[in-house]
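Structure first, commentary second.
The values are calculated or read from the model by the stated rules, or taken from the named source; none is laboratory data. None of these values were measured; they are calculated from a predicted model. Cβ coordinates were reconstructed from backbone atoms using ideal geometry, including for glycine residues, and neighbour counts include every protein chain displayed.
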Amino acid sequence: MVGTIIGSSIFVQASEITNLVPSPMAVVLAWAVSGVLTLIGALVCAELASAYPRTGGVYVYLKQIYSPLLGFLWGWATFWSMHTGILAAISIVFARYAAYFMPLSDTGLRVVAISAIVFLSVVNYVGVKFGGRVQTAFTAIKVLAVIGMIVLGWALSGDVPPHLPPAELPPVTFANVLLAVSAGLFAFGGWHMVTYTAEETINPTRTIPRSLMIGVAVVTVCYIGLNAVYLSVLPIEKVMTSTRVAADTFEVLVGTGGAGVISALVMFSAFGALNGIVLAGPRVYYQIAQDGLMFKWFNHIHPAYQTPDRAIVLQAIWSSVLVATGSYRALFTRVIYTEWIFFALLAVGVVLLRRRPGYAPAWRMPLVPIAPIVFAIVAAMIVVNQIRADLTNSAIGLAIVASGMPAYYFWTRPSARGTRHEAPRA
């Protein structure tokens, strides 16, 4: 989980957030609120995962709580926008930092990003165990590296000359705080993906809740620590305009060589996150196809590697199309707006399930119904504010979700229903 969340966004989202709330205190507040919201969302998913430890994660929970239609809409949006959009956005950041070492045109950036997606899709095509080992190795190294960055940054920041007083900056408004929290939530994106592989996880009713809670805590501490380093070393105007804020920070602290090391670390970190995202998504598409609600072509397990091979291939193709046609900001905006509609519904769903007879999760989240209701209200505020701020991308995101409704009724008509099969376990 930590390996999926700590990807590349923390090394660029600081600039996005600081642009929205140009105040160090407001920046730290936005990151802290994002972390708390992510923790509550993780607790919601932890309870649901312990109740329904099946491959597919959020798709399974929405289907159980509300209806197969709502679960399908999640899976539909996951393939066309949310999951593939995260994959595309992080691959673009990977390419941005690669450009530190070699000049890349806009086309070159997109070619590097697509190449990373294709390579990791091949890695996960040949087996979940191999992909998992790659993920574990990347995670261990990059968490140690991030902690080292925080410690080194604080140790050396005292030698940085005081910044000149900033020029007049725009005021911090509540609407922009919500947008900053939304941008922060993208950097926390992926926390729910650990639930996608429940049937391939040992003792999922215990392992998945622990992964969710420990993972969010570790990531929140790392994120706030890194942002504090950025803001203590660079003038706030520089943080606002930088496209490689981590590299710029360590170039000030230790020179050009330090910036190169940090750029390499960001690429390494993004690569690890991409691996986790590539691994998780196809399990959702495969599970939906198992239920007869998506292209039958998704419903296939490789006879030798025991992976959802066709789903991996289609995910690689579509995320590459998104890289070729979209900008980083448009991709992450569309992802956050769409995802958090469903996350709000999940939180309300825990409250509803507690009232149903026969609901017996192996683990129960605390502070129900207060925490889930507060989470749902704040999520709704973020969604409404995002619509107000970026109507075009919000409309695209909503249109993608809505387009799943005719697709659902197409696949559920009597002539389209196929034979159901049990999902094999890897």
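Quick notes on this one:
- Single residue of the stretch 149-170 satisfying the filter (modelled with pLDDT of 80 or more and small (Gly, Ala, Ser)) that is surrounded by the most Cβ atoms within 10 Å (Cβ to Cβ): 153
- Pick from the stretch 383-398, criterion more than 15 Å from residue 340 (Cβ to Cβ) and under 21 Å from the mean Cα position of the chain (by Cα), ranking: surrounded by the fewest Cβ atoms within 10 Å (Cβ to Cβ): 395
- Comparison of 249, 256 shows that the only residue that is within 19 Å of residue 96 (Cα to Cα) and crowded, with 24+ Cβ neighbours inside 10 Å is 249.
- Qualifying residue in the stretch 190-199 (condition: touching a residue at least 40 places away in the same chain (Cβ under 8 Å), surrounded by fewer than 18 Cβ atoms within 10 Å (Cβ to Cβ) and touching a helix residue (DSSP H, G or I) at 6+ places or on another chain (Cβ under 9 Å)): yes
- So residue 41, is it on the phi > 0 side of the Ramachandran plot and buried (at least 24 other Cβ atoms within 10 Å of the Cβ): no
- Considering 182, 242, 211, the condition of being at pLDDT below 90, surrounded by 24 or more Cβ atoms within 10 Å (Cβ to Cβ) and among the polar types (S, T, N, Q) is satisfied by 182 alone.
- Some residue of the stretch 223-239 being under 18 Å from the mean Cα position of the chain (by Cα) and surrounded by 16 or more Cβ atoms within 10 Å (Cβ to Cβ): yes
- Here residue 365 passes the criteria (1) surrounded by 19 or more Cβ atoms within 10 Å (Cβ to Cβ); (2) modelled with pLDDT of 95 or more except the one numbered (2).
- Residues located in the stretch 327-364, provided they are in a helix (DSSP H, G or I) and free of Cβ contacts under 8 Å to residues at least 40 places away in the same chain: 344, 348, 351
- Looking only at residues of the stretch 110-125 that are surrounded by fewer than 23 Cβ atoms within 10 Å (Cβ to Cβ) and aliphatic (A, V, I, L, M), we find that the one that is nearest to residue 86 (Cα to Cα) is 114.
- Residue 218 being in contact with a Gly (Cβ under 9 Å, 6 or more places away or on another chain), in contact (Cβ under 8 Å) with a residue 24 or more places away in the chain and within 28 Å of residue 53 (Cβ to Cβ): no
- Tallying residues that are farther than 24 Å from residue 226 by Cβ and in a helix (DSSP H, G or I) within the stretch 170-200 yields 8.
- Residue check, residue 367 on the phi > 0 side of the Ramachandran plot and without any contact (Cβ under 8 Å) to a residue 40 or more places away in the chain: yes
- Of the residues making up the stretch 327-345, those that are at pLDDT 80 or above and not polar (S, T, N, Q) are 339, 340, 341, 342, 343, 344, 345.
- From the options 283, 354, 334, residue that is of a type in the set (Lys, Arg), crowded, with 24+ Cβ neighbours inside 10 Å and more than 15 Å from residue 57 (Cα to Cα): 334
- Subset of the stretch 14-24 [assigned to a helix (DSSP H, G or I) and either among the acidic types (Asp, Glu) or within 28 Å of residue 373 (Cβ to Cβ) (or both)]: 16, 17, 20
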